[in-house]
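Chemist: Next up is a structure, given as structure tokens.
Bear in mind that the values in this text are calculations on the coordinates, not laboratory data. Being a predicted model, the structure only gives us computed values, none of them experimental. Don't worry about glycine lacking a Cβ; one is built from the backbone with ideal geometry, like all the others, and counts go over all protein chains shown.
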Amino acid sequence: MLPTTIRKFLFAFALVMAVSLAVFLHFWRIASAPRGFAVDECSIAYNAYCIAQTGADEYGTRWPMYFRGVMDVYYDPAEIYSLLIPIREFGPEKWAARLPGGLYALLACAAFYLLLRRWRFEAPLALAGGFMLSVIPWAFPASRSCTYTGRMFALVALVTGLALTASALLEKSRWRAVLAGVVWALAFYAQQSVQPVLMLLAIGCAAALGRRLVPHWRLLRLMLLAGLIVLLPLIVSVLRSPIGLVARFQQVSITREASSLREAIARIARHYCGYFSPQFLFVSGDQERRHHTGHGGELYWCLAPLILAGLYVSIRHWRQSLSHRVILVGLLASPVSTALTLDQEQSTNSVYAAVFWLMLAALGAQWCWQRRRPWRMLLLMIACAGTVEITLYMRDYFGAYQTRDSQALQTELTDALEYCFGRLSTNQVLYISPSTGSPYGTDVDAKLKPQLYAYVLFFGRIDPLIYQRTGFPTRNVRLYDGHAAEPGLLLRSSRYYYRSGDRRTTIVGVPDNIPMPVGAELVRTFQFSNPYSYIQYQVFVFP
């Protein structure tokens, strides 16, 4: 046994190293990794820019509760308002838009450490749990994209709510009960996918804890009252206009493609079970490359033995330990909302499950630690294996992943637009060919809709006042139709791409034959290849 002074010094050193490394990994190259800037990121960031400049979204609605963005997708309030301060201070910059997601991820890690300490985990194990949450593949990619800022905010609220609730009940503290109610309510503003999880978590915990909650009914009533007060603006907004709350779910609901109730139930059950499969957890993870790098699963392999030990402990002692019951209920409730959608094994909407899997791993680690040798040696070996796994994952994320899945991240399109707007003079026009959106499966009309306009608004730093009043300022950006009356730049793809065949699965490309402007000169080519096509973005300048 080491002396107390040495143990305190080692823990302080480990704390400083863990915090420094977590901060570094979340903010290093935040503007360039991931390289692209997805259309949802552009839409969210530009709406935050509009709110910061005018107090209204891109459609002129003042201080809305839900935001209608690109292709009529609705965004939750936390996704937009979280970006308000950095976008107002630094303008529409990629790093500024991604900053809140990283901050929320770090706050969630700090709250997770406090929660584990409140549940009487050893300080070193709680620190390891907090650091693991910061680098877990389930959450790390989402924390570096402003598309998922709301989910990161919900993750903070979930972990903080659990910590405050446990503290309020154990200490019989009224002010902590009020604060817990406020935090739980704020989670409902964060992201729609967390709302069913929170309700099922509350119902499940009430059923699992049963009579043990009765002595705390005054604190629970106070918590509920505080939460309802904070939720009043959301309730009023939904009663006035429910479309913002239900529109997104209607777009992705599993019932859209189910021919019968029986088929819908079967799909929900299949999707739900998929989130507990070893294939998803440890082998391949989410197949959408914006959500997951493709390197391993959503959890590290080193966690598998700890999770198995944690399951053994939680099931064996669930009657004696309230925290064990909460972990099991949370584990069962967290994938529910995602199981109701069309996508299978989606990591971003089920990111809350990572908290409960890590809690199980912490239980297993504590069990091994308490049994002393040789179990502590096993923990040391798992820690070494985890260090290697995390290093390999981060090497892939900041390395090969940035070029491996460039189409999923719209890298070439965003690089081309950034380049064009960076070279565009005040007296020049950016002409955009209709073929520009073709490689990404979207057409372009005169208003650059349905998707391309969001990119142009953000990278072109279009004045929100002008866009809200008159639409696109054609003095700066125009759809190219073969005529260029004023000097400027032309952006186009070398080919149009479309799907053909009975199943519409064959990718066919035809050249972009719109005549080039007289005197056009090739400035730069952006190119990449994928299993379906080889495309070029050609930037021309002409007098």
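Chemist: What value does segment 1-149 have for Rg/Rh, both radii from Cα atoms and Rh as Kirkwood defines it?
Modeler: 1.11
Chemist: Give the separation of the Cα centroids, segment 341-401 to segment 139-202, in Å.
Modeler: If we compute the Cα centre of each part, the gap is 22 Å.
Chemist: Now, a different point. Which shape class applies to segment 268-348: rounded if a/c is under 1.5, otherwise prolate when a/b exceeds b/c and oblate if not, where a ≥ b ≥ c are the square roots of the Cα gyration tensor eigenvalues?
Modeler: Note, shape of segment 268-348 comes out oblate.
Chemist: How would segment 247-398 be classified by its alpha-carbon gyration tensor: rounded, prolate or oblate, with rounded meaning a/c under 1.5 and the a/b versus b/c comparison settling the rest?
Modeler: Oblate, because a/c is 1.5 or more while a/b does not exceed b/c.
Chemist: Okay, moving on. Where in segment 179-207 does the amide nitrogen come within less than 14 Å of the point 7 Å from the Cα of Glu288, taken along Cα to Cβ?
Modeler: 192-194
Chemist: So for the chain, taking the charge dipole from beta-carbon charges (+1 Lys/Arg, -1 Asp/Glu), which of Ile235, Met65, Leu219 sits furthest toward the positive end?
Modeler: Positive-end residue among those listed: Leu219.
Chemist: Mean Kyte-Doolittle hydropathy of -1.0 or higher plus an axial Cα length of 24 Å or more: which whole DSSP H helices in the chain meet both?
Modeler: 4-27, 94-118, 149-171, 174-190, 217-240, 353-370, 375-398
Chemist: Suppose R0 equals 25 Å. What FRET efficiency, 1/(1 + (r/R0)^6) with r the Cβ-Cβ distance, do Ala206 and Ala269 give to the nearest 0.05?
Modeler: Efficiency computed from Cβ-Cβ geometry: 0.55.
Chemist: Which length gain, in nm to one decimal place, applies between Leu225 and Gln53 when the Cα-Cα distance is subtracted from 0.36 nm times their residue separation?
Modeler: 58.4 nm
Chemist: Classify segment 111-200 as rounded, prolate or oblate from the Cα gyration tensor: take a ≥ b ≥ c as the square roots of its eigenvalues, call it rounded if a/c is under 1.5, otherwise prolate when a/b beats b/c and oblate if not.
Modeler: Verdict is oblate for segment 111-200.
Chemist: Ok, one more. What FRET efficiency would be calculated for the residue pair Trp95, Trp175, taking the C-beta separation as r and a Förster radius of 45 Å, to the nearest 0.05?
Modeler: In this case the efficiency is close to 0.75.
Chemist: Give me the number: length gained by fully extending Trp63 to Ala383, i.e. 0.36 nm times residue separation minus the C-alpha to C-alpha distance, one decimal in nm.
Modeler: 110.4 nm
Chemist: For the chain, give the share of DSSP beta bridges that are antiparallel, in percent and rounded to the nearest 5; count only bridges with both residues there.
Modeler: Roughly 75 percent of the DSSP beta bridges within the chain come out antiparallel.
Chemist: Oh, and also: Do any trypsin sites (Lys or Arg not before Pro) in segment 451-490 lie in a DSSP loop with no more than 16 other beta carbon atoms within 10 Å, and if so, which?
Modeler: Taking segment 451-490 and a limit of 16 other Cβ atoms within 10 Å, the loop trypsin sites (Lys or Arg not before Pro) found are Arg461, Arg475.
Chemist: Moving to a separate point now. When the chain is fully extended, how far beyond the present Cα-Cα distance does Val73 get from Arg524, taking 0.36 nm per residue of separation?
Modeler: 159.0 nm
Chemist: Identify the trypsin sites (Lys or Arg not before Pro) of segment 304-345 meeting these criteria: DSSP loop state and at most 16 other C-beta atoms within 10 Å of the C-beta.
Modeler: Answer by residue number: Arg319.
Chemist: Using a 10 Å cut-off on Cβ atoms, rank the peptides 79-87, 443-451 from the highest mean neighbour count down.
Modeler: Averaged packing, sorted descending, gives the order 79-87, 443-451.
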